[in-house]
1. Suppose we filter the stretch 60-96 for residues that are part of a loop (DSSP other than H, G, I, E, B) and surrounded by 15 or more Cβ atoms within 10 Å (Cβ to Cβ); how many remain?
2. Out of all the residues in the stretch 142-161, which are part of a strand (DSSP E or B) and surrounded by 19 or more Cβ atoms within 10 Å (Cβ to Cβ)?
3. For the subset of the stretch 97-121 comprising residues that are surrounded by 15 or more Cβ atoms within 10 Å (Cβ to Cβ) and under 12 Å from Arg54 (Cβ atoms), which member is modelled with the lowest pLDDT?
4. Can you find even one residue in the stretch 162-169 that is within 30 Å of Arg225 (Cβ to Cβ), crowded, with 19+ Cβ neighbours inside 10 Å and touching a residue at least 24 places away in the same chain (Cβ under 8 Å)?
5. Are any of the residues in the stretch 181-188 among the hydrophobic types (A, V, I, L, M, F, W, C), modelled with pLDDT under 90, surrounded by 15 or more Cβ atoms within 10 Å (Cβ to Cβ) and assigned to a strand (DSSP E or B)?
6. Among the residues of the stretch 24-41, which ones are surrounded by fewer than 20 Cβ atoms within 10 Å (Cβ to Cβ) and either at pLDDT 95 or above or within 35 Å of the chain's Cα centre (by Cα) (or both)?
7. How do the pairs read when you match residues in the stretch 230-243 that are assigned to a loop (DSSP other than H, G, I, E, B) with residues anywhere that are among the acidic types (Asp, Glu), using Cβ under 9 Å and keeping only pairs 6 or more apart or on different chains?
8. For the list (1) more than 18 Å from Pro42 (Cα to Cα); (2) part of a loop (DSSP other than H, G, I, E, B), I need the number of the one condition that Phe122 fails.
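The values are calculated or read from the model by the stated rules, or taken from the named source; none is laboratory data. For clarity, every value in this text was computed on a predicted model and none was experimentally measured. FYI the Cβ positions are ideal-geometry reconstructions off the backbone, even for glycines, and counts take in every protein chain you see.
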Amino acid sequence: MTSISTGPDAPAQEPASGPHSYGTPEVPKLMVKGEAEFETDPETARLSVTVSSRGPDRRGALEDLNRRNSQVLDLTREYGEAVEKVETGSLTVRPELSDRGRKERVRAHLGTVRLTVTVQDFTVLGELTGRLADLELTTVNGPWWGLRPRSAAHREARQLAVREAVSRGRELAEALGSELTALLELTDTGGGGTSPPPPPAPGMTRSAYAGAPEPAPAFDLEPQRQTVTARVSARFAISPPRL
């Protein structure tokens with residue numbers, strides 16, 4: 001978007017802040033937008049891990065749930081700083097009622113714990129994903145790739161957008177035989193890193209079974225490139241054009 005204003009009949013989207021907020025023939029004003037967009041490698045990968053338990057006895061179901069939750073935490077700790085953080089999202093324990101009979105009868109007790117595992121070293125991601133999926137009654141979804149909120153990529157995108165706004169303003173001013181004389185306003189109008197939302201996939205689950213476990217497979221996971229965008233709006237004062 002580009003607009004040039006030199007009088008009181010300028011477009012209404014320019015908010016008035018003084019008697020000559022839209023510019024004058026002697027000091028016209030020019031408004032431009034700058035945008036930047038590029039792709040970069042992700043910085044983190046998130047895994048959604050759900051551990052479950054089911055049993056006729058509430059205490060037994062709780063003990064199984066606690067044990068399986070501890071197995072997930074112990075496994076992630078083995079990877080040290082490669083795992084940036086592990087967060088518990090929710091814990092649910094509820095009775096499962098029988099459909100038969102008029103009385104409410106508890107058929108079983110169900111429990112789930114949901115965790116989010118954030119990995120910053122992708123060299124261990126495939127192995128960790130396989131080992132988590134190999135745990136008893138554990139479901140794994142992901143990975144979901146992303147950038148950190150304070151990533152240098154966001155700063156680079158904003159700087160590129162500002163340079164684009166200045167360059168565009170100069171081009172338009174030169175087309176009028178004018179030049180930029182002052183920056184009056186600069187606004188960050190949005191942007192950021194984008195990645196597809198987590199799909200409602202069933203994930204990988206291992207059921208409880210007896211027998212000697214085999215080594216868990218290590219998955220070959222390729223990081224998904226992230227699109228980073230930034231947008232700014234700038235308003236400049238320009239010298240009187242030569243029309």
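1. 1
2. Across the stretch 142-161, the qualifying residues are Gly142, Pro143, Trp144, Trp145.
3. Per the criteria, the residue is Ala108.
4. Yes, the conditions are met somewhere in the stretch 162-169.
5. No: zero hits.
6. Matches in the stretch 24-41: Lys33, Glu35, Glu37, Phe38, Glu39, Thr40, Asp41.
7. Correct list of pairs: Ser239/Glu179; Pro240/Glu26.
8. Failed condition: (1).
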